Every structure is written in C-alpha cells, then in structure tokens.
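For reference, the structure is listed below as structure tokens.
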Amino acid sequence: MAIVSRKVSDLSGTEGGDADFAQVVVRQHPSIDQPKALDVLVGELGMFKDIGDLVILEVRMPDTTTREIYVRVNDFNKAAPDMEQVLQSARGTRGRLPGSRNGS
C-alpha cells in the first residue's frame, strides 16, 4: 500500500506541484476571527488586484486595544498641510530618536 499526497488550490481545486503554489495569508476578513492560510496556484494570484496606493495605519488606543485602518494615500495626505514633512519628522517605532546620541 502507498500513501499518495497531492496539493490542490484552495481557490479552484486544481492540482499542482509544490513549486506551483504560493501561500496567501488572509490577515483580516469579516468571516474570520484569526489569520488563515490558503494554498493558491501562482497563476491564480492575478485575481487579487493590488490597490497599491494604500496607507496602513496601526491605531493604538489608550486602553491598549489596537486596530488597523486602511486609507488611500490621497486621503491620508489631506490630514496635514505637508504630510511628507510630518512623516519625515515623526519618530520611528524602533530604536533611538532621530538626532539623538548614545553616551554624552
């Protein structure tokens, strides 16, 4: 007796070899409460059109809850008269503040 393993696309049910597949992680969707992984044929990735001009914001509330907000670049840039300068001057989320020195 032999055990036969085969891989099929979660989207189409089409069979393929390991090299034919990409893993797509669905991080957020109204139907799920945790990220889910899908096996998808590389050729099927064209179904997912990249919006491309999104800004992804992580909002950290005072009560320690967090959420992500997805905003178009044009809408985000309207929040401040010179958003490019605001972003360049903003502190990073890791490491030292710009212009700070270690030691003296």
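Any read-out appearing in this document is the output of simple, stated calculations on the displayed coordinates, not a laboratory observation. As the structure is a prediction and not an experimental result, all values here were calculated from the model. Cβ placement follows ideal geometry from the backbone for every residue including glycine, while neighbour counts extend to all protein chains displayed.
Quick notes on this structure:
- The chain, helix-only ellipticity at 222 nm - DSSP H runs n ≥ 4, -39,500 (n - 2.57), divided by all residues, nearest 500: -2500 deg cm²/dmol
- Entry for mean projected area of the Cα convex hull in nm² (calculated from the structure that is shown) out of [x] 6.1; [y] 11.3; [z] 13.7: [z]
- The distance between label points at ASP82 and VAL4 comes to 6.8 nm (points 7 Å beyond Cα on the Cα→Cβ vector).
- Distance between modelled label sites at MET47 and SER89, nm, 7 Å Cα→Cβ extension: 4.7 nm
- Spatially proximal lysines relative to LYS7 (Cα-Cα < 19 Å; intrachain offsets below 8 disregarded): LYS36
- log₁₀ of I(q)/I(0) at q = 0.14, 0.17, 0.31 Å⁻¹ - segment 50-93, Debye sum with one point per alpha carbon: -0.41, -0.60, -1.10
- The mean sequence separation of alpha-carbon pairs under 8 Å and at least six residues apart, normalised by the residue count of the chain, gives a relative contact order of 14 percent.
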